[in-house]
Amino acid sequence: MSTLRWSLSSPRLSLTRFLYNPTTHHFCLYGSVLPSFPITMSTSTSATADQKTHFRSASTSSPTAESYQVIPSVDEMDRIAEQTFQRYTVSQSSSNSIARRSGKGVAIVWFRNDLRVLDNEALFRAWVSSEAVLPLYCVDPRLFNSTTHYFGFPKTGALRAQFLIECLADLKKKLMNLGLNLLIQHGKPEEIIPTLVKAFGAHTVYAHKETCSEEVNVERLVSRVLGKVETSINSPKLQLIWGSTMYHIDDLPFDTNCLPDVYTQFRKSVESKTVVRGCIKMPSSLGPPPNIGDWGRVPSLDQLGHHEGKVNKGMRFVGGESAALSRVHEYFWKKDLLRIYKETRNGMLGPDYSTKFSPWLASGSLSPRLIYEEVRRYEKERLSNGSTYWVLFELIWRDYFRFLSIKCGNSLFHLGGPRKLKTSWSQDQLLFKSWRDGHTGYPLIDANMKELSTTGFMSNRGRQIVCSFLVRDMGIDWRMGAEWFETCLLDYDPCSNYGNWTYGAGVGNDPREDRYFSIPKQAQTYDSEGMYVSYWLPELAALPKEKRNFPGHLYINPVVSLKYGNTNKSKNINKDSVLTKRRSRSQLTKIKGSQR
Ligand SMILES: Cc1cc2nc3c(=O)[nH]c(=O)nc-3n(C[C@H](O)[C@H](O)[C@H](O)COP(=O)(O)OP(=O)(O)OC[C@H]3O[C@@H](n4cnc5c(N)ncnc54)[C@H](O)[C@@H]3O)c2cc1C
Ligand SMILES: Nc1ncnc2c1ncn2[C@@H]1O[C@H](COP(=O)(O)OP(=O)(O)OP(=O)(O)O)[C@@H](O)[C@H]1O
């Protein structure tokens, strides 16, 4: 594979290639931009057909509008991961080694949403405090063969299940490279862990602390049963460690119960008063493992309750730490995209408009502190600008929702949200189904929903638009949307998901109450040539560019009218609006009648 370095002087990656909209002051990634993206041609030379995911517009009228996501080969990912491991691990023989092993006996590491080796404090502490570490993952039936809380959707959809399988396979491999292994058991942690503690006489179980009630309940159960285990060593303990955020909870300038209600206040406060801790330098060897005959296999998709988990269009994410580190390397160093992140982050089409780190962050294959250190290194070695800062700005949003979940407790999942608002919502099944399946009659909504179900991913722009449409234009119970996201998203994280949905639904702590996203305006600003919608809805590709988002009678009739009408003044959509309004009035009556 070619090792290309992209600098601003690269003819194929200059800002002029992003379309600038003087009215909105936004840069867009569409139209003639995508074909010139460097990944298309330059790195595809050694990629096999399997590694090239066609991110190709179906448009016959724009044959040049295509881009490939090149998934690096396993060897390439391993090579990058190895380089990064060298940076973030220390050898025991090294004179500047800060890691000294001083413990006795066996310690268990219970892996949860922290499926990585680098900057994994639970793993590190287990190693320091023992003579042998037993790494464990429990395939918990509550996560895989179960349903979401209110509406009974699959708790973990097929694509996320597949992603997790890849994460586990990679973790097992990484641990074996470091002299350990990963014990994989099927069942509830509160049943598996005490048995192992007893069998190995383990003194401590290390795990990363979670914050939402489902996970916290499991922690409580594990802790409780450990209290009853009798071993030769007195009272084995569950030791919970904080490790999911960029800023450490113990370093916050306030108690989480006094977390500011406004994000900006939170951000300014942590930025001025808190320092991001350095990554834990992991030892380059973690063995020996305890003596185990059968370490168990990485589960199959069938065992996780699904049969088919393949992505055949759009972005294909590979699970695991190697792929995560490879993506960081690609986005920051190889393609040099970090320098333009702020201008491109609102895109919707293609592999490179944003970092796409979220699936790895959610599974814990990637540490936010490692991203922080890589941003700082990039700023030193290449350049520092608004874009390099903005990735950290977004990661602070992620931190904020995580801390907010502690403050809000279960109100994050309740209809009235943290503000406990009493609003009436519809649960109209037909309307919801049209949203879920991408048949609303609004190409921008339909394309985004198809992307979600096909790939398990949707851009941040898309998420805000489909959320606004569901709750504001359809008046549907926001929890139905949130639970559907919970099923489908590869990057599903209860805090970010329910946090963003409560904001979108106007029941969060957000001071901006009415977050309405006008579809015509969003379409004109972010998909002015209809490249995005025609990629996901190929039937629109034959239409002139300006009509693809506003196809009128040439597409499905809109199932509801827009709350504020079609304010974009587009000639195409207004033709149908009277009809739509008349029809949707009767539909709205139906909605009101279906409230629960
Ligand atoms: C309704 C809705 C639901 C969402 N559900 C989730 C979810 O379940 N899991 C999830 O990780 N993100 C969620 N987000 C936030 C955001 O859309 C994704 O994090 C982002 O699109 C991931 O793409 P990226 O990694 O390329 O992001 P980038 O733009 O490259 O941002 C870098 C990182 O910053 C963080 N980030 C960015 N925006 C947000 C945000 N609004 N809230 C929290 N963190 C953010 C993510 O960790 C992301 O990986 C949701 C947003 C909305 C509007
Ligand atoms: N990680 C998670 N992902 C999705 N939903 C979650 C998660 N953690 C908690 N919840 C949701 O939090 C809510 C609280 O569930 P729980 O069974 O603990 O209490 P409850 O009796 O339903 O509500 P409450 O305690 O608020 O009266 C449920 O809606 C549950 O699905």
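Assorted remarks:
- Residue match in segment 141-161 (condition: within 16 Å of ligand 1 (Cβ to nearest atom), open to solvent by 20 Å² or more (accessible area, probe 1.4 Å) and in contact with a strand residue (DSSP E or B) (Cβ under 8 Å, 6 or more places away or on another chain)): yes
- Taking segment 376-421 as the range and being closer than 26 Å to Met77 by Cα, over 17 Å from the mean Cα position of the chain (by Cα) and either away from ligand 1 (no atom under 15 Å from the Cβ) or surrounded by 22 or more Cβ atoms within 10 Å (Cβ to Cβ) (or both) as the test, the residues that pass are Arg376, Arg377, Glu379, Lys380, Glu381, Arg382, Leu383.
- Leu489 being over 26 Å from Gly565 (Cβ atoms), open to solvent by less than 10 Å² (accessible area, probe 1.4 Å) and among the hydrophobic types (A, V, I, L, M, F, W, C): yes
- Segment 463-486, residues that are away from ligand 2 (no atom under 16 Å from the Cβ), in a loop (DSSP other than H, G, I, E, B) and within 15 Å of Gly416 (Cα to Cα): Gly475
- Cys212 being of a type in the set (A, V, I, L, M, F, W, C) and within 16 Å of ligand 1 (Cβ to nearest atom): yes
- Meets criteria (in a loop (DSSP other than H, G, I, E, B), over 30 Å from Ser534 (Cβ atoms) and in contact with a Lys or Arg (Cβ under 9 Å, 6 or more places away or on another chain)) for Arg277: yes
- Test for Arg116: is it at pLDDT 90 or above and open to solvent by less than 30 Å² (accessible area, probe 1.4 Å): yes
- Search result, residues across segment 199-258 that are in contact with a Gly (Cβ under 8 Å, 6 or more places away or on another chain), more than 22 Å from Leu395 (Cβ to Cβ) and open to solvent by 20 Å² or more (accessible area, probe 1.4 Å): His203, Ser213, Thr231, Ser232, Ile233, Ser235
- Test: residue in segment 343-355 that is within 16 Å of ligand 2 (Cβ to nearest atom) and part of a helix (DSSP H, G or I): no
- Arg267 meets the conditions (1) modelled with pLDDT of 95 or more; (2) in contact with a Gly (Cβ under 7 Å, 6 or more places away or on another chain) in every case but one. The failed one is (2).
- Among residues of segment 492-528 being within 18 Å of the chain's Cα centre (by Cα) and open to solvent by 20 Å² or more (accessible area, probe 1.4 Å), the one that is farthest from ligand 2 (Cβ to nearest atom) is Asn500.
The values are calculated or read from the model by the stated rules, or taken from the named source; none is laboratory data. Keep in mind the model is a prediction, meaning the values are calculated, not measured. Cβ sites come from the backbone with ideal geometry, for glycine too, and all protein chains shown count toward neighbours. What goes into the accessible areas is simple: the full protein's heavy atoms, side chains included, and nothing from ligands, DNA or RNA. Shrake-Rupley method; radii C 1.70, N 1.55, O 1.52, S 1.80 Å.
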